[in-house]
Each structure stands twice: as structure tokens, then as C-alpha cells.
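Everything on this sheet refers to the single structure shown next.
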Amino acid sequence: MSATAARMTALSTRGVNKRFGSLVVAADVEIDLPAGVRYALIGPNGAGKTTLINLMTGMLRPDAGHILLGDDDITALPPQARVRRGLVRTYQINSLFPYLSALESVTLAVCERRGVARTWWRPLTAYRDEVDEAYGILGTLNLAAVCHRPTRELAYGQQRLLEIALALAARPKVLLLDEPAAGVPRDESNDLFAAIAGLSRDITVLFIEHDMELVFRFASRVIVMVGGGVLTEGTPAEIAADERVRAVYLGERQRVGAR
Amino acid sequence: MTTQTISGPHAVLQAQARWRTAEIAFWLATLLPFVLAPDYLVLASQVAIAALFVLSLDLILGFSGIISLGHAAYFGVGAYTAGLISVHGWGEPLSGLVIAGTASGILGYVTSFIIARFRHLALIMITLGLGLLLQEAANAASWLTGGFDGLQGIHTWPLFGRIDFDLYGYTAYSYALAVLFVVFVAARRIIHSPFGLALRGIRENGARMPAIGAPTHSHIRTIYTIAAVIAGLAGALLSQTTATVSLEALGFQRSADVLVMLILGGAGRLYGGLIGAVVYMVARDQFSGLNPQFWYFWIGLLLIGVVMFLPNGILGGLAFAAERLKSAARKRPPVSAP
């Protein structure tokens, strides 16, 4: 514990609780993400992984507890204010702008970050730096060639990449990826994770992923959630050897197999 | 295959914002009534005012996805404000226009705080409620508004102090068309600005906007206020050019009519609303000439037909047809065999 506490903490939760009626979706969640680390968040369906991202990003308000970005308590901030401070997420199910082109979408995100999206008296084309930056982000994700296509016409895998591009346009300090490769075929999901692995080390990444092979390849540490609470945390090797984790996943597998 | 040169990210965006030949042709065509139908200039001025009102709704509904069934509230406030200052001794049209736009803009800004918090069905009910509320308030305040009889004694002074408003509508149409054009150019500028892009983002996926750091509510408040100002300008033009204001300026019927015009023409395309206004107003004029009691039957038929066969409105249908023709031309081999 002291080893991790000595490093700069990018994001942490303190005693975060949340219930929907009688269903506990977050139970005393205490997480510290050291800056620059690649974290995987795993756990069976319904463990509260996406809920935790919603709580961290302000899409949900916790019943109790605090969310800290660096040293700042951001529990009371609305989602867009957290984004502007560098806490950015992507969605498990594509949540994009169907009739905007990829370039327009990312340019919009860049304009919002730079605070120019309120100006209505100057044409967008005058903001060449913003457009260039958006184009550059799309380039790093191999989307430059299709950047003028409306989003709804992009291939599914390209739309997943565009999710990440939108997040990067906000210049995240902490990036929360909710199953970035959900629904993407195995060979493509490798490319997608390679892109994530290639992100600057200044960005702290937490990703939810079900594919253990990807988790062990791309995560330096793993958090396991069950029933709204954190079961354990450790290096991929420690998690792989953990009997309790195995029990949780074995139970899950048996349930799935019995169907 | 045609060779497509990829010239960086800017060329395509610039091409989107450029004035097209069809646009220039459209605005030149608005001058035709002076030559071709000088007997219909009064109608033409009504069309221009309706078009301005539709443009206002297009900015919120077509571009930002904010549905409204009570947009006549802002039109009515503009109309009554312009009428009232004229009745009380100030009939100068341009300053009247500015004052009316300011009044409706203030109402728009105040109500935008409620509007920004809701979407979809709730928004339909809220805008409808606001519209009804204002109409009843105007009815109750008959000492101010003239109530059911409307405002009496509006007199609009000559434009620029020298051009009288004539019976044939020369001045009225010129005036309304000029205001429409100026506001249109401003609206077009808004649409092609970063703010316009943010509005389209809200329309496409309002829930996603906070996750890219966008202050969605603040954006909605801004555009709603701008739209209210424009609606107020349209209302002011109506009371200045017709020298009457009645409760009908605030009525639900007007809110419904403007929505129909926008959907007929095609929402979210700037010109769609203008074309919708022309089609609707001319159709109303013609149909009510045939049978004054029955004309809404034909409007109903027109609306159903357009929505069934041209889901994106008349302009959407035209754009689709043009796209098909273009892609058919592209697919054809460069040297056709026969």
C-alpha cells in the first residue's frame, strides 16, 4: 500500500456507496489509480463496473463517499466539468453523433475543450488549429481516410475507435474505457488495444474488459469487482493465482454453461 | 473511378460552408414577385414573415432537436410589443423592430432555463403550456392588449422617415424580405460556426455532449434566446405591416402552423423552412379561395403526403433526388458503350 501511495494518485474513490432501491451497486468502493498506470476493471456481469464509471464521471451521484481527481474533490461537479478537468470516459455501447462526420465530431470535442464552442459569429473553418488537432487525433487511430464520412456509415470497429478519438480530444488525464472492444472481432480488438497501449504515459487508463487474454496483455494492474464491492486488486499474475477470483469466475462460467 | 484528391481536412469543411449557386438563385427568385405578381405583394410579405418565423423554429427544432409547440408565444410578444409602442406614440419601424426583438428575447432567455432541462414529450407539454399561459394572460390583460378585439390604432411611420407603407405591399414586402435576408445570413453564420456544430451535436446525441465536456444547457439557452428574438422580429413585422395584432398572434394555431411549415419544407436545412412557408402560405391562399371553410382538409392531405413520401420534407426529397442523380452519373463508365 505504501508503495502505491508514494506515487501520484490520479483518481481515487473514498467510501463510495450507491443503491438502486434495495440493490447495492456500489458498496464502500475504495480505489486509488496511480498516475500513468494501465488498470483493468474486471468482474462478472452485474458486478457494478459500468456503474462505478458512471459514479466516477458524474453520470450518477453516489449516496455516500467522495471521488477525487488528483487532490481535488470532484464529487459535486457535473459531468462536463469533470471532463474539462481531464476525467474522460467512453461508452460500452457506441454513443456517437450519427449524422456528423468523424472529423466534425472530434472537432466539436476539441472546440469544447478549448472553450470556443460558444462562438457563433466566426465560421468553423476559421478554427484551423482545432480542425488540424482533430484530424491529427483521427490520424493516430487510423481514421483519417474516413474522416469526412458520416459516423453512421463507418464500420463498427471504426466507430469504436471514434469513441476513443472523442475521448482523446478532451485531453484526458484519466481515461475510463467501458469495454472498448465490445463487439469487435478478436483480430480487430488486438489492434484497438494496441492503440490504447500506445497512448501517452501521462494518461492514466482504466478499462473494463471481459477477455482475460487482453486484460493480461495490456493491464499492469487489475481490480476485481463483485456485487458492487472491490473483491481484490493486484498484478495480473496475482489475480490469476487468486482462488477467490477463480471461484467467482468459475461460478460464472458454470452458470453460463448451464444455460 | 473518379480520382478523389485528399487535400487535408479543411477543403471539405470549407466547401460545406460556401454559398452555392442554388442559394443565390433562391434569393434572386424572392425578387420575382415584384415583377411577376405585383398584385400578390401583400401575400408575399406574409410569406416572408412566416418564413422568418419558421427560420426561428428551425434553429431550435431542426438544428438543436428542441421541439416546441408553443413557439407563437415569442412571435406574439414581438407582435404586441411592436403594436403597443406604436399605439403609444412611437411608430418608427426599425427601432420598433429592435425593441420587439429585445422583449421576446428576454422572455426567451427567462423561459430557456426551463426549456434546457427537458426533452421530447415533456418539452412538448411545457412549450404548449407556456404558449397557452401567455395567450390567456394576453386575453385577461385586455386593458393592455385589447383582449379579444385585438390592438386598435397601430400606425407605422414611413421607413427611414420617407418610404410609406402602401396598400399594395411594395414597402411591406421589401421591408419583410430585407429583414428575412439579414436574419437568414446571421442564422447561416451561426449554423456554420463552432456553436452551430455544438447544436448539431446536441441534436444528434444530447446525452453524449457532457461526456465531451460540453455545457449543453448553456448552449440550449443561447440558441433558444436567439430563436425567441427572431420569432419576435417576425411578430413585429406582422403587426407593423398589417397594422393589427390580435390574440391569434399568440395562439396555438400559429405554433402548429409554423411546425407544419417546417416539417413540410424539411427541418434542419435552413432553406427547408423557407420553402415550407412558401408552399404552405400559397396553398392556404389558393385553397381558401376555393372553399374558405374547407382548406385545412387539403393542408392535412398535403402534410400526410409529404411526411409519408418525403420523410425529410420537400427540400430533403429534392436533396435525395439530386444525390441519386449525381451518384448515378458517377457510376456510369466514363466512355459509355452505345
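The values are calculated or read from the model by the stated rules, or taken from the named source; none is laboratory data. Just so it is clear, the structure is predicted and the values come from calculations on it, not from any experiment. Heads up, the Cβs are rebuilt from the backbone with ideal geometry, glycines too, and the neighbour counts pull from every protein chain shown.
List pairs: first in the stretch B:269-286 and under 18 Å from residue B:180 (Cα atoms) and in contact (Cβ under 8 Å) with a residue 12 or more places away in the chain, second assigned to a helix (DSSP H, G or I) and of a type in the set (Lys, Arg), Cβ under 8 Å, 6+ apart or cross-chain?
So the pair list comes out as B:270/B:188.
Just checking, which of A:55, A:68, A:60 is over 25 Å from residue B:218 (Cα atoms) and touching a residue at least 24 places away in the same chain (Cβ under 8 Å)?
Values: A:55 fails: over 25 Å from residue B:218 (Cα atoms); A:60 fails: over 25 Å from residue B:218 (Cα atoms).
Step by step, each of A:55, A:68, A:60 is checked, and only A:68 is over 25 Å from residue B:218 (Cα atoms) and touching a residue at least 24 places away in the same chain (Cβ under 8 Å).
Restricting the search to the stretch B:42-90, which residues are aliphatic (A, V, I, L, M) and surrounded by fewer than 23 Cβ atoms within 10 Å (Cβ to Cβ)?
Residues satisfying the conditions are B:42, B:43, B:67, B:69, B:84, B:85, B:87.
Could you figure out which of (1) over 30 Å from residue A:217 (Cα atoms); (2) of a type outside the set (A, V, I, L, M, F, W, C); (3) facing another protein chain (nearest Cβ under 10 Å) isn't true of residue A:82?
Of everything listed in (1) over 30 Å from residue A:217 (Cα atoms); (2) of a type outside the set (A, V, I, L, M, F, W, C); (3) facing another protein chain (nearest Cβ under 10 Å), residue A:82 misses just condition (1).
Evaluate the stretch A:252-259: report whether one residue or more is at pLDDT below 90, among the acidic types (Asp, Glu), surrounded by 15 or more Cβ atoms within 10 Å (Cβ to Cβ) and more than 28 Å from residue A:164 (Cβ to Cβ). Write out each step before concluding.
Taking the stretch A:252-259 first, the residues at pLDDT below 90 are A:252-259.
Subset that is among the acidic types (Asp, Glu): A:252.
Remaining after also requiring surrounded by 15 or more Cβ atoms within 10 Å (Cβ to Cβ): A:252.
Narrowing further to those that are more than 28 Å from residue A:164 (Cβ to Cβ): none.
The answer is no; no qualifying residue exists.
Given the stretch A:96-214, what helices (runs of 4 or more DSSP H) lie entirely inside it while holding 3 or more residues that are within 11 Å of chain B (Cβ to nearest Cβ)? Break it down into steps so the answer makes sense when it comes.
Working: elements: A:102-114, A:128-140, A:156-169, A:186-197.
In the stretch A:96-214, the matching helices (runs of 4 or more DSSP H) lie at A:102-114, A:128-140, A:156-169.
Can residue B:208 be described as modelled with pLDDT of 95 or more and within 10 Å of chain A (Cβ to nearest Cβ)?
On the way: modelled with pLDDT of 95 or more: no; within 10 Å of chain A (Cβ to nearest Cβ): yes.
No: the conditions fail for residue B:208.
Confirm whether residue B:199 is more than 8 Å from every other protein chain (Cβ to nearest Cβ), of a type outside the set (Val, Ile, Thr) and touching a Gly at 6+ places or on another chain (Cβ under 9 Å).
Numbers: more than 8 Å from every other protein chain (Cβ to nearest Cβ): yes; of a type outside the set (Val, Ile, Thr): yes; touching a Gly at 6+ places or on another chain (Cβ under 9 Å): yes.
Here the answer is yes, as residue B:199 does meet what is asked.
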